[in-house]
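Read the structure below first, then the notes.
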Amino acid sequence: MLLELLLLLVTTICLADYLYRRRQNGFFEKAGIRGPRTIPILGNGHNLIRESPKTVFDLQQRLINDFGKNIRIWVLHESGFMTADARMMEAILSSQQVITKDSLYDMLQSWLGTGLLLSTGKKWHTRRKIITPTFHFKILEQFVEVFDQQSAVMAEQLYDRADGKTVVNLFPATCLAALDIIAETAMGVKINAQRQPNFPYVQSVNIVSSITAERFMNPIQRLDGWMRVFFPRVYRKLHENIKSMHDFTDGVIEERREALQKSIADGTHQASQSNDDADVGSKRRMALLDVLLQSTVGGEPLSNEDIREEVDTFMFEGHDTTTSGISFTLYLIARHPQVQAQLFQEIREVIGDDKSRPVGMRELNELKYLECVIKESLRLYPPVPMIGRRVTQDVTLDGKLIPANTNIILLTYHALRDPDYFPEPEKFIPERFSAERKGEINPFAYTPFSAGPRNCIGQKFAMLEMKSTVSKILRHFELLPLGEEVQPQMNLILRSSTGINAGLKKRVY
């Protein structure tokens with residue numbers, strides 16, 4: 001009797017699963033979108049169990065080879081649609097209907113709340129409007145000073161390994177510099193991560209990032225309930241470190257709020273200036289936190305929790321992505337000596353031979369070839385190699401009707417290596433982005449900063465930070481092609497399982 005009941009239960013579950021999938025699959029079939037065979041309940045989840053962050057790009061390439069640039073996939077009960085097609089990506093990224101992030105991003109919510117990365121609808125529009133002035137060029141000009149100071153600390157920290165023989169993994173050093181930069185520009189505090197790498201906040205960021213990346217690849221860890229049961233120690237470690245980060249951020253917010261209220265009470269406070277105020281650059285450096293503390297929604301100030309989720313979002317997005325971008329750029333420069341020679345010549349012409357000379361916005365803007373090098377590096381190794389969206393209602397995209405409740409994954413890593421848009425896609429050719437060839441590249445084929453209404457709000461910030469850091473390192477060191485080649489892997493952002501390695505030789509000039 002028990003066996004019969006069990007068989008009946010399994011049959012019922014499988015039937016319900018089939019009926020649930022049938023409508024979605026019907027839409028995909030009509031649109032000509034194919035995918036790997038599924039099994040009841042798991043969908044294609046069994047295929048992912050054998051994969052890891054190291055193999056995810058190979059898996060995606062196999063799917064593209066088998067089914068084309070538009071692919072249907074199921075993970076448990078979640079319907080998924082993956083695309084590496086620039087025309088489809090344009091339709092998705094340009095759409096005002098497809099701005100909700102996919103369900104995978106829910107795993108970040110316990111850390112980031114519903115800040116700018118995860119929010120949607122009215123809240124997202126309101127927060128975007130509040131934060132946009134933070135990236136006005138006059139405020140960015142103030143941030144450039146931080147970029148210069150912290151990249152100088154990075155160079156100083158690397159000198160003891162600059163013997164031309166030692167293999168240096170550039171990722172950890174760059175990560176600490178990027179953390180120092182984003183902490184000072186987002187929160188207005190110095191955490192001295194480069195000089196104190198064991199600082200608790202720094203450790204917590206690294207731990208939470210690593211655990212969350214593993215959750216992205218392991219279907220069993222995606223649901224909090226399952227993770228609590230099957231991975232209790234990892235779950236506990238994750239939330240202990242999230243609490244540690246929240247406590248730190250809460251403390252900074254409370255301290256800055258008290259200082260703001262005190263300055264208002266004693267009459268020394270000056271309200272934040274409008275974007276066209278020519279004096280902004282000469283005032284005390286503004287941080288994202290200062291903007292948020294002085295902002296209101298419906299006449300009411302933002303709560304500490306509102307502010308924390310935005311600050312945490314920028315701490316997350318603003319250090320990992322630039323770390324990846326800078327590290328891979330330095331790696332590629334090390335392995336292309338002619339590019340390095342041309343870059344060094346440009347840097348000397350623009351900045352001069354004084355290694356200690358501070359670099360400002362004007363000089364960074366004049367480094368045109370360096371910008372081409374960074375853009376080409378971001379094409380080969382995009383810090384965000386996948387972008388997720390969720391379709392909340394049936395929607396036609398590039399002539400294909402995509403059903404509601406579908407998670408969309410834009411395969412940016414593969415789209416940026418599409419030979420239809422980038423001839424000789426595996427080659428490092430910075431001249432693709434020269435002024436003479438401007439307009440040749442489809443803007444939706446090249447999306448390392450995403451595109452459309454939810455594009456990266458901090459892309460100018462990121463480009464200036466990358467130019468400042470890379471130029472600083474090249475002023476102090478010749479980069480040498482030492483160490484293992486990179487093996488890209490997915491870890492929230494793009495990393496390498498072998499490290500991002502180079503040798504350093506002190507420059508004498």
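Protection proxy ranking for 474-483, 51-60, using the average of other Cβ atoms within 10 Å per residue and placing the highest first: 474-483, 51-60. Put the Cα centre of region 142-204 next to the Cα centre of region 63-137 and the gap is 30 Å.
Can you order the peptides 292-301, 416-425, 103-112 by their average number of other Cβ atoms within 10 Å per residue, highest first? Before the final figure, lay out each step's value.
Working: 292-301: 13.3, 416-425: 14.9, 103-112: 18.3.
Answer by packing, highest mean first, reads 103-112, 416-425, 292-301.
The packing ranking, built from the mean of other Cβ atoms within 10 Å per residue, places the peptides 405-412, 449-456 in the order 405-412, 449-456, highest first.
The lysines whose alpha-carbon is closer than 21 Å to the alpha-carbon of LYS427, local same-chain residues fewer than 8 away aside, are LYS368, LYS375, LYS438. Built from the Cα atoms of region 1-142, the convex hull projects on average onto 13.4 nm², one quarter of its surface area.
A short reminder: the numbers here are calculations on the coordinates, not readings from a lab. Not measured: the values here are computed from a predicted model. Virtual Cβ from ideal backbone geometry, glycine too; neighbours counted across all protein chains shown.
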